[in-house]
Amino acid sequence: MDEARLFTAADLRPGLQAEFEREITEADITAFAELSRDRNPLHMDETYARETNYRSRIVHGAFQVGLASAMAGMYLPGREVVVGSFQCRFPAPLYYPCRVKVQGEVTAWVPQTAGGTLRVRVVDLAANTLTAEIHVGFSLHEKRAAVAQEKEAAAVVDGGKPVVLITGAGGGIGPALAASLAADYQVIGIGRSQPADGAVEWIAADLMAAGWEEIVERGLRGRQLYGLVHAAWPAGPQGSLLEVESDAVRMQLEFGSMVTLRLAQFLRRSGASRLVILGTTAATLKPVLNMSAYSLGKAALEHTVRLLAPELARANITINLVAPSFVPVGMNSAKTNRVILTETAKVPMGKLCSAEDVARTVEFFLSPGAAFITGQLLPLTGGQL
């Protein structure tokens with residue numbers, strides 16, 4: 001291919017794909033060895049390679065990285081690309097001479113920073129084997145000034161406050177979160193029904209239903225989203241796992257995994273920067289036997305956050321989980337005074353975790369000071385072990 005293709009910032013989106021094929025010959029490997037000075041005998045000496053566990057000469061891993069560079073520079077995104085990073089794995093050796101297919105797919109694109117991630121797969125066509133998977137971090141070198149202007153213009157909307165969505169803003173700890181964040185952010189609540197007080201702007205959407213993403217996008221009315229705080233959770237059924245109905249267990253697990261995954265996918269498409277999840281110490285730290293389904297779902301939530309962190313990081317999105325201990329709001333608001341005193345006695349600080357404690361921690365994870373923190377679980381225990 002003589003001319004590099006051109007994909008502009010307006011053209012790019014997650015899911016965009018391209019591919020090409022090429023032969024890899026002995027002359028190619030010899031030329032690469034001369035240029036790189038990597039003449040390791042596993043790549044160059046057939047007699048030596050035959051005596052190893054590989055049984056034959058293999059293509060340099062860096063040669064396959066070069067194929068990824070060709071994909072980025074010539075095919076997708078093409079002419080305006082600047083490569084910032086490579087993350088590579090080589091699941092199988094690539095023997096030569098051979099013919100390979102190089103497949104590229106944009107897995108993340110953030111218009112506000114003109115940056116994204118391209119996943120490149122190298123497949124040996126004869127063996128139909130994946131020999132390399134390379135994640136290429138990239139930006140567009142001709143669009144930075146325009147993107148900065150777009151981002152500045154977006155920030156001016158609604159008095160210059162960044163837009164933050166809150167799931168579960170209508171109950172439990174949600175109202176306290178909304179009130180605390182309102183000073184620095186434009187808060188928009190998401191839920192099935194708007195609370196009576198109407199304290200925040202509201203988008204009526206059910207996170208368990210199909211198509212809520214489109215409803216939220218319409219509700220944003222073109223405003224750039226900065227972050228999302230996920231505080232919603234279905235009521236936890238009482239009883240041990242053997243006692244609770246299977247559908248109730250399934251709902252807890254789905255909320256901890258698939259609902260969270262869909263939120264992450266939505267944020268990646270929207271170009272947001274922060275995802276803060278509310279968990280609980282009653283998950284992996286201190287599971288509660290008489291609310292086992294709830295503890296199981298919240299434990300699944302923790303693992304979902306950890307597993308999503310490296311993927312979202314490629315899109316410049318942080319994801320962290322705040323795990324408060326007993327907070328006397330929401331499902332705990334009806335507890336008796338005796339229960340409140342008992343729970344307080346367990347805390348070395350001599351006081352319960354408050355909604356304000358949770359809100360301040362969430363504010364930190366939304367702040368610039370937490371820009372390099374992701375995939376973390378922060379328990380709010382007051383010194384409890």
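The values are calculated or read from the model by the stated rules, or taken from the named source; none is laboratory data. Fair warning: this is a prediction, and the values are worked out from it, not measured in the lab. Methodologically, a virtual Cβ is constructed for each residue, glycine included, from the backbone with ideal geometry; neighbour enumeration extends over all protein chains shown.
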- Item | Residue, nearest to Gly168 (Cα to Cα), within region 263-294, restricted to residues that are touching a Gly at 6+ places or on another chain (Cβ under 8 Å) and hydroxyl-bearing (Ser, Thr, Tyr) | Tyr294
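Going by the conditions given, is Tyr75 modelled with pLDDT of 95 or more, among the hydroxyl-bearing types (Ser, Thr, Tyr) and within 30 Å of Ser270 (Cα to Cα)? Steps first, answer last, please.
Numbers: modelled with pLDDT of 95 or more: yes; among the hydroxyl-bearing types (Ser, Thr, Tyr): yes; within 30 Å of Ser270 (Cα to Cα): yes.
Judged against the criteria, Tyr75 is a match.
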- Inside region 24-58, can you point out the residues that are in contact (Cβ under 8 Å) with a residue 60 or more places away in the chain and either exposed (fewer than 12 other Cβ atoms within 10 Å of the Cβ) or among the β-branched types (Val, Ile, Thr) (or both)? Ile24, Thr25, Ile29
- Task: State the number of residues belonging to region 357-373 that are under 14 Å from Leu228 (Cβ atoms) and under 15 Å from the mean Cα position of the chain (by Cα).
- Result: 2
- Item | Lone unmet requirement of (1) at positive phi; (2) crowded, with 18+ Cβ neighbours inside 10 Å for Val102 | (1)
- Item | Residue in region 198-231 that is surrounded by the most Cβ atoms within 10 Å (Cβ to Cβ), counting only those that are in contact with a Leu (Cβ under 9 Å, 6 or more places away or on another chain), among the β-branched types (Val, Ile, Thr) and without any contact (Cβ under 8 Å) to a residue 60 or more places away in the chain | Val216
- Regarding Ala132, is this residue small (Gly, Ala, Ser), at pLDDT 95 or above, in the same structural domain as Ser69 (by TED's automatic domain parsing) and buried (at least 21 other Cβ atoms within 10 Å of the Cβ)? yes
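Would you mind stating whether Arg314 is closer than 30 Å to Gly84 by Cβ, under 23 Å from the mean Cα position of the chain (by Cα), modelled with pLDDT of 90 or more and basic (Lys, Arg)? If you could, list the steps in order and put the result at the bottom.
Values: closer than 30 Å to Gly84 by Cβ: yes; under 23 Å from the mean Cα position of the chain (by Cα): yes; modelled with pLDDT of 90 or more: no; basic (Lys, Arg): yes.
When the stated conditions are applied, Arg314 does not pass them.
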- Note on the structure: Conditions (1) without any contact (Cβ under 8 Å) to a residue 24 or more places away in the chain; (2) surrounded by 14 or more Cβ atoms within 10 Å (Cβ to Cβ); (3) farther than 30 Å from Leu267 by Cβ -> Leu67 fails only (1)
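Condition check ((1) small (Gly, Ala, Ser); (2) in contact with a helix residue (DSSP H, G or I) (Cβ under 6 Å, 6 or more places away or on another chain); (3) in a loop (DSSP other than H, G, I, E, B); (4) farther than 30 Å from Gly383 by Cα) across all residues:
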residue	(1), (2), (3), (4)
Gly227	yes, yes, no, no
Leu242	no, no, yes, yes
Phe266	no, yes, no, yes
Val276	no, yes, no, no
Glu302	no, no, no, no
Ala315	yes, yes, yes, yes
Ala323	yes, no, no, no
- If you go through Arg268, Arg360, the only one that is of a type in the set (D, E, K, R) and crowded, with 21+ Cβ neighbours inside 10 Å is Arg268
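Table: residues versus (1) modelled with pLDDT of 90 or more; (2) in contact with a strand residue (DSSP E or B) (Cβ under 6 Å, 6 or more places away or on another chain).
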{"position": "Tyr185", "(1), (2)": "yes, yes"}
{"position": "Ile188", "(1), (2)": "yes, yes"}
{"position": "Pro195", "(1), (2)": "no, no"}
{"position": "Ala199", "(1), (2)": "no, no"}
{"position": "Glu214", "(1), (2)": "yes, no"}
{"position": "Leu220", "(1), (2)": "yes, no"}
{"position": "Leu225", "(1), (2)": "yes, yes"}
